[in-house]
Amino acid sequence: MVDPLALGIAVTLTLAVAVLHFLPGPPWTPREDVTDEVLERRARTVSETEFPAPMNRAIGAGGGAVAVGGEAEGELEEGEEAPAEETTSPADIPDDEVENFDVEYVKEGETVAVANNETLLEAGEDEGWDLPYACREGQCLSCGGHVVDGDAREYVEHDGQEMLDDEELANGYVLTCVAYPRGEFSLETSETP
Ligand code: FES
């Protein structure tokens, strides 16, 4: 048997919940746009970097502005040109700065003026001689030659030879494919230690 009192309370509560659910709430008002205020505050508190736009990220870049700020070592001023790279190979010597050295190719019976940006091998090939070579990178002994006058380091500059040790160089051995003249000397081609 249903208790009429309990039933009445239940119906009343249900109706009350339904009415409350559909009642309009207080009107919604959007929050004020504070973007400009935040940006202005950041502009006042975060120091400007010296990067030109668009890399200047002092505003809106978070911690990045601190990480990249300041003047990095070697950084170029605006309009400043990067310094020319240092010459790393005698082959890079410009033609207007080239020096020529007389090299006597003993076995070929000729003395040739060899530029100091030209290898002994190239100079011999320019003469039409069939000189031996393989890698042309200083990594074998195929192009070996011998400076008759003494320590090879006084007469040639090697650019990247990886085969001859100090003693062999001191005894006059060279790799003609990567050897550039520094003075006048006599060379025996096809000679290896
Ligand atoms: S050709 Fe290989 S070192 Fe000269």
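Numbers at a glance
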read-out	value
Shape of the range 90-189, Cα gyration tensor, a/c cut at 1.5	rounded
Carbon and sulfur %, accessible surface of the range 90-189 computed with the full protein complex present, 1.4 Å	35
Label point distance in nm, Ile9-Glu97, each placed 7 Å from Cα along Cα→Cβ	10.4
Heavy-atom accessible area ranking, 1.4 Å probe, most first, across Asp130, Asp33	Asp130, Asp33
Extension gain (nm, one decimal) between Leu20 and Leu39, 0.36 nm per residue minus Cα-Cα	2.6 nm
Charge tally in the Cβ shell below 15 Å around Asp165, where Lys, Arg are +1 and Asp, Glu are -1, Asp165 excluded	-4
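The values are calculated or read from the model by the stated rules, or taken from the named source; none is laboratory data. Since we're looking at a predicted model, the values are computed, not measured. Every residue, glycine as well, gets a Cβ built from its backbone with ideal geometry; the counts of neighbours run over all protein chains shown. Just so you know, the surface numbers come from the protein's heavy atoms only, side chains and all, with ligands and any DNA or RNA stripped out. Shrake-Rupley method; radii C 1.70, N 1.55, O 1.52, S 1.80 Å.
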